[in-house]
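To start, the structure itself, in structure tokens.
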Amino acid sequence: IFFETQRNLARYTIPKDRRITTERKMYDNVLTANLKETLNLLPQKLEKRLLDFLFAEYGLDERQLAKELFMTAEQIGELAASGFSFGSHTHHHVALDTAESNTLIRRELRLSKIHLEPLVQKPLTVISYPHGGAINDSIATLVKNQGFTHGLSTEARGVRKGDKPFYLPRYDVKDLLL
């Protein structure tokens, strides 16, 4: 059993009949959205244990799946050299509004820069906040202090005069589908 205690089991039970939040994941069905949101809410060590359990339970190879889904360092470098711009999305795709601590947020931002900046050969100055969520002045300050100049939320609309640099809207690909 993944959750060893009844207390943990009750705390992290995933509802099937209602959304945990309407702040994000509105394109997903209720079960998918709630699993993703539960992963956002779990402490990082517990999230890793759950994901390791699920990969083993369903016979999935995490390394192979990553190769199929993510770009290689070489591909990133080629795109950057061709003029594409890159920004951060954190290192482990952590939802900043539900992160365990400011230390974790700073580490996620720093690691994304450490890994990507050498590949794209320029500073990362824009972050697209993972999972959207409730970005606040505290998070915006942490982001700014890590050298970012702009942050993109999940609010689906065009940029307007007066929008704050760390609260900019963005369109998801799903927003553009007709």
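Structural remarks
- Put simply, of 85, 112, 128 the only residue that is among the polar types (S, T, N, Q) and farther than 25 Å from residue 23 by Cα is 85.
- With respect to being out of contact with any Pro (no Cβ under 8 Å at 6 or more places or on another chain), under 24 Å from residue 45 (Cβ atoms) and in a loop (DSSP other than H, G, I, E, B), residue 92 fits the description.
- Residue list for region 120-130, filter: over 15 Å from residue 169 (Cβ atoms) and either at pLDDT below 95 or surrounded by 19 or more Cβ atoms within 10 Å (Cβ to Cβ) (or both): 124, 130
- Breaking point among (1) of a type outside the set (Val, Ile, Thr); (2) surrounded by fewer than 11 Cβ atoms within 10 Å (Cβ to Cβ); (3) at pLDDT 95 or above, for residue 67: (3)
- Residue 153 being closer than 27 Å to residue 42 by Cα, at pLDDT below 95 and open to solvent by less than 40 Å² (accessible area, probe 1.4 Å): yes
- The criterion of being open to solvent by 80 Å² or more (accessible area, probe 1.4 Å) and among the charged types (D, E, K, R) does not hold for residue 117.
- Once region 107-161 is narrowed to residues that are part of a loop (DSSP other than H, G, I, E, B) and hydrophobic (A, V, I, L, M, F, W, C), the residue that is nearest to residue 80 (Cα to Cα) is 124.
- Scanning region 162-178 for residues that are open to solvent by 30 Å² or more (accessible area, probe 1.4 Å), not in a helix (DSSP H, G or I) and not basic (Lys, Arg) turns up 162, 163, 165, 167, 171, 172, 177, 178.
- Residue within region 1-24 that is of a type in the set (Val, Ile, Thr), open to solvent by less than 50 Å² (accessible area, probe 1.4 Å) and modelled with pLDDT under 90 present: yes
- Test: residue 127 is within 23 Å of residue 44 (Cα to Cα) and among the β-branched types (Val, Ile, Thr): yes
- Residue satisfying all of: in region 25-46; in a loop (DSSP other than H, G, I, E, B) and in contact (Cβ under 8 Å) with a residue 12 or more places away in the chain; surrounded by the most Cβ atoms within 10 Å (Cβ to Cβ) among these: 25
The values are calculated or read from the model by the stated rules, or taken from the named source; none is laboratory data. This one's a predicted model, so the numbers in the text were calculated from it and none came from an experiment. As a convention, Cβ positions derive from the backbone with ideal geometry for all residues, glycine included, and neighbour counts pool all protein chains shown. Surface areas here come from the heavy atoms of the whole protein model, side chains and all, with no ligands, DNA or RNA. Shrake-Rupley method; radii C 1.70, N 1.55, O 1.52, S 1.80 Å.
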